[in-house]
Amino acid sequence: MAKDKTGVRLEGVNGLNPVNSKEIPIYISDYVLVSYGTGAIMAVPGHDQRDWEFAKKFDLPIIEVVQGGDITQHAYEDCNEGIMVNSGMLDGLTVEEAKNKITAWLGEQGKGEHKINYKLRDWVFSRQRYWGEPIPIVICPKCGYVPLEMKDLPLTLPEVESYKPTGDGESPLAALEEWVRCTCPKCGGEAQRETDTMPQWAGSSWYFLRYCDPHNDEALASREALEYWTPVDWYNGGMEHTTLHLLYSRFWHKFLYDIGVVPTKEPYARRTSHGMILGENGEKMSKSRGNVVNPDDIVNEYGADTMRLYEMFIGDFEKAAPWSSESIKGCKRFVDRLWNLQEIYRDGEEYSSKLESSFHKTIKKVGEDIETLKYNTAIASLMSLLNEIYEEKQLTRAEYKTLLILSNPFAPHVTEEAWEQMGFGGMITDQTWPKYVEEKCKDSTTEIVVQICGKIRARISVSAAASQEELLRLAKESPEIAAAVEGKQVLKEIVVPGKLVNLVVK
Ligand SMILES: [Zn+2]
């Protein structure tokens, strides 16, 4: 049944499907993209346009396994939407569900296991620069490339007068004849050192391990120190490092683990990435676009606290956000108002009854938001508490202290300064974080409806803790209700705490 030399079904050559043990035909072809791989490959003509074209050309069956398109016309590739069909136990599932199910099933059957494959971007590992780790390799005319012996490591950079590029494309080290000339570790003959140096990411892939034990001259770090300090609790960095530095440093770490140098398989216990701050026009800041905001200018104009506060308030931690000159003014206003609270300060070691619930809620919110990197919403809740305080036109000592501690991570200078000015003692940095009481985090006031004979006649705001008697009294005292029941006889009073009061009148 040979079709032609590019797509041949070998008569009698069949494979066994590893999942259902059914026979599957094998086609031999050179009609495969060179970058895809060699050896046996699978094909999904119903859902990959190149496979579909291949199947059409050689008149192979095209079986739909993900419903949603028209595979008689072209491959249906949008597999995020479709539902599995013609797939036995996977029928009716989404593709994502099917992947999980078949992976689990293969595991249970002992036919396979879940595995992650890493793909490192190719990394040119040499530079023609002075600054970089020298590569501990010598080039011998007889032996070729020979690594230095362990006793000669680490190879350090020579002290030089000038480390500028040579201008001829050679590494600056190449000009240092004395350093370059050496003996071959293998044959003892005259040889030359490699003069290229390693790229910056060589060192940045593992330098943090050295922090564990910086004075150790026997090893990278002692086992004891590494066991005490590593893995790194938290690596936060830019999104652009996710597939570069993060992956490279994990690659180095896994190698160091395999040769027994580090005690953990992974270098970092937690990884997060922050969004980029864009120019005011929503584009990446760059000199050529002329949209660069210089932090020094902002600090000079508004102060460091406003700058810091604004950077945390600008948006969700992991998302990109455009700079806004208007919005930074709001942050400046917050900082000023925090300071000016001194004018409405009064003594008092407790939260006032009106603000108590708001304080407990804000303590809870800010604490939880900091843990989950939601700095923007933490700051928003502080701003709203500040508004409430100004509406009350006064705040107690206890309230000011709590507010300053909660605001300190976002505006450290002004809060410490106010703390000292008020004579609260010590520094905010040394204070314990305020505590909240869960029951007091509920709204202190709630709105209830007042009905007359089942019809809503008024809505009143009451304390959430109000008793049934109190609710009834407040309901009757409200102007609309008082007017409506005047001169009438109240037959029945129904009170549903937190919801409503209904008066049946005649
Ligand atoms: Zn040699």
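The values are calculated or read from the model by the stated rules, or taken from the named source; none is laboratory data. Just so it is clear, the structure is predicted and the values come from calculations on it, not from any experiment. Don't worry about glycine lacking a Cβ; one is built from the backbone with ideal geometry, like all the others, and counts go over all protein chains shown.
Summary table
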read-out	value
Sole residue being farther than 18 Å from residue 366 by Cα and not charged (D, E, K, R), chosen from 419, 433	419
Filtered residue count, the range 166-188, keeping only those that are away from the ligand (no atom under 16 Å from the Cβ) and either part of a helix (DSSP H, G or I) or under 21 Å from residue 203 (Cα atoms) (or both)	8
Unmet criterion (only one of (1) more than 19 Å from the chain's Cα centre (by Cα); (2) among the charged types (D, E, K, R); (3) under 24 Å from residue 436 (Cα atoms)) for residue 374	(1)
Candidate set: the range 3-29, residues that are part of a loop (DSSP other than H, G, I, E, B) and out of contact with any Lys or Arg (no Cβ under 8 Å at 6 or more places or on another chain); chosen: the one modelled with the lowest pLDDT	5
Residue in the range 128-147 that is in contact (Cβ under 8 Å) with a residue 60 or more places away in the chain, outside any loop (DSSP other than H, G, I, E, B) and crowded, with 17+ Cβ neighbours inside 10 Å present	yes
Condition broken by residue 439, with the remaining ones in (1) of a type in the set (D, E, K, R); (2) surrounded by 14 or more Cβ atoms within 10 Å (Cβ to Cβ); (3) assigned to a helix (DSSP H, G or I) satisfied	(2)
Single residue of the range 148-162 satisfying the filter (in a loop (DSSP other than H, G, I, E, B), among the acidic types (Asp, Glu) and under 43 Å from the mean Cα position of the chain (by Cα)) that is farthest from the ligand (Cβ to nearest atom)	159
Some residue of the range 155-164 being in contact (Cβ under 8 Å) with a residue 12 or more places away in the chain, within 22 Å of residue 251 (Cα to Cα) and of a type in the set (Ser, Thr, Tyr)	no
Spans of helices (runs of 4 or more DSSP H) in the range 272-372 with at least 2 residues of a type in the set (Gly, Ala, Ser) and buried (at least 17 other Cβ atoms within 10 Å of the Cβ)	353-371
Filtered residues of the range 157-167 (kept if touching a Pro at 6+ places or on another chain (Cβ under 7 Å) and polar (S, T, N, Q))	166
3 or more residues more than 16 Å from the ligand (Cβ to nearest atom) and over 27 Å from the mean Cα position of the chain (by Cα): qualifying helices (runs of 4 or more DSSP H) within the range 189-246	223-229
Residue under evaluation residue 266, criteria (1) surrounded by 15 or more Cβ atoms within 10 Å (Cβ to Cβ); (2) more than 16 Å from the ligand (Cβ to nearest atom), criterion not met	(1)
The range 86-103, subset assigned to a helix (DSSP H, G or I) and of a type in the set (Gly, Ala, Ser), residue farthest from residue 63 (Cα to Cα)	98
Single residue of 281, 291 found to be among the polar types (S, T, N, Q), in contact with a Gly (Cβ under 7 Å, 6 or more places away or on another chain) and closer than 20 Å to residue 328 by Cβ	291
Residue match in the range 397-411 (condition: at pLDDT 95 or above, outside any loop (DSSP other than H, G, I, E, B), among the acidic types (Asp, Glu) and under 30 Å from residue 274 (Cα atoms))	no
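Conditions tested, residue by residue: (1) aromatic (Phe, Trp, Tyr); (2) at negative phi; (3) touching a helix residue (DSSP H, G or I) at 6+ places or on another chain (Cβ under 8 Å); (4) away from the ligand (no atom under 16 Å from the Cβ).
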| site | (1), (2), (3), (4) |
| --- | --- |
| 80 | no, yes, yes, yes |
| 94 | no, yes, no, yes |
| 113 | no, yes, yes, yes |
| 118 | yes, yes, yes, yes |
| 122 | no, yes, no, yes |
| 128 | no, yes, yes, yes |
| 140 | no, yes, no, no |
| 145 | yes, yes, no, no |
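The rows are residues; the columns are (1) of a type in the set (A, V, I, L, M, F, W, C); (2) outside the structural domain of residue 243 (by TED's automatic domain parsing); (3) more than 35 Å from the chain's Cα centre (by Cα).
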residue	(1), (2), (3)
46	no, yes, yes
52	yes, yes, yes
57	no, yes, yes
68	no, yes, no
83	yes, yes, no
92	no, yes, no
101	no, yes, no
104	yes, yes, no
142	no, yes, yes
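Per-residue answers, yes or no, for (1) modelled with pLDDT of 85 or more; (2) assigned to a loop (DSSP other than H, G, I, E, B); (3) on the phi > 0 side of the Ramachandran plot; (4) not assigned by TED's automatic domain parsing to the domain that holds residue 356:
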position	(1), (2), (3), (4)
450	yes, no, no, yes
456	yes, no, no, yes
460	no, no, no, yes
466	no, yes, no, yes
469	yes, no, no, yes
475	yes, no, no, yes
482	no, no, no, yes
488	yes, yes, no, yes
